[in-house]
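Following: one structure in structure tokens, then a few remarks.
The values are calculated or read from the model by the stated rules, or taken from the named source; none is laboratory data. The structure presented is a predicted model; accordingly, all values stated were derived computationally and were not measured. So basically every Cβ, Gly included, is an ideal-geometry build from the backbone, and we count neighbours across all protein chains shown. Heads up: the accessible areas ignore ligands, DNA and RNA and are worked out on the full protein's heavy atoms, side chains in. Shrake-Rupley method; radii C 1.70, N 1.55, O 1.52, S 1.80 Å.
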Amino acid sequence: DGLGLCGLVKEVSCDTKILIFSMHQKEAYVKQALNSGAMGYVLKSSPTIQLVEAIQAVHKKNYYLSPSISRYLVNHYLKATETLPEKTGYDSLTEREQGVFRLMAEGSSTKQMADLLCISPKTIEKHRSRVLKKLELKNPMDIMKYAVKIGLIDPQLWE
């Protein structure tokens, strides 16, 4: 897909400027495109002049977003900053515990985590236990809800 290709292009040629031309308006797609190295994101439903403006902006090494996306992101940002907690329990986890938590949220088994992190399953179980205790979580559903709440998982990408 285009978003996957975006990251590959940036790996091969970091000077290449990328503009995404997409029908998807969801924040998760825009965020993923920008994180992958795109400098612009234009909706296919946009007037031609916006595409021209985007090409010119990206050519000059400026970012460009379709106006409707910009409005949505600014409104969403303002709402999110009003309700954003200053610090989450996740922030109190060690780097290793955060890694284990992310794998737990993805549904990885103890063996999969141990293999991926090159540590023993027993050590994984210790980390898992500490994470659940620190975050006061009890089961996989609690883990998933918490991961969505803190923005670690974006449910919009599931669709």
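Give me the Kirkwood hydrodynamic radius of the stretch 111-159, using the inverse of the mean 1/r over all pairs of distinct Cα atoms, in Å to one decimal. Evaluated on the stretch 111-159, it is 12.2 Å. Entry note, the chain: relative contact order of 17 percent, from Cα contacts under 8 Å with a spacing of 6+ residues. Near residue 153, the amide H atoms lying under 5 Å from its own belong to 148; only residues 5 or more places off or on other chains count, and H is placed 1.01 Å from N.
What lysines does residue 60 reach when the alpha-carbon gap must be under 25 Å and sequence neighbours fewer than 8 apart in one chain are set aside? Straight-distance partners of residue 60: 10, 17, 31, 44. So with the 1.4 Å probe, I'd like the accessible area per residue for the chain, rounded to whole Å². I get 67 Å² per residue for this part.
Over 30 Å apart at the Cα level, from the set 111/133; 26/149; 26/145; 79/126, are 79/126.
Convex hull volume of the Cα atoms of the chain, normalised per residue: 146 Å³.
Among residues other than residue 73 with Cβ under 10 Å from its Cβ, the summed charge is +1 (Lys and Arg +1, Asp and Glu -1).
In this structure, the amide hydrogen of residue 37, modeled 1.01 Å from its nitrogen in the peptide plane, lies closer than 5 angstrom to no residue at least 5 positions away or on a different chain. Placing unit charges on each Cβ (+1 for Lys and Arg, -1 for Asp and Glu) gives the chain a dipole about its Cα centre, and among 141, 18, 32 the Cα reaching farthest toward its positive end belongs to 141. Scanning the chain for helices, which whole DSSP H stretches are 24 Å or more long along the axis (Cα) and average -1.0 or more by Kyte-Doolittle? Once both thresholds are applied, what remains is 67-83. Taking amide H positions as modeled 1.01 Å from N, with prolines and chain starts lacking one, the residues under 5 Å from residue 65 and 5 or more places away or on another chain are 41. For residue 130, the shell of other residues with beta-carbons less than 14 Å away shows a net charge of +2, using +1 for Lys and Arg and -1 for Asp and Glu.
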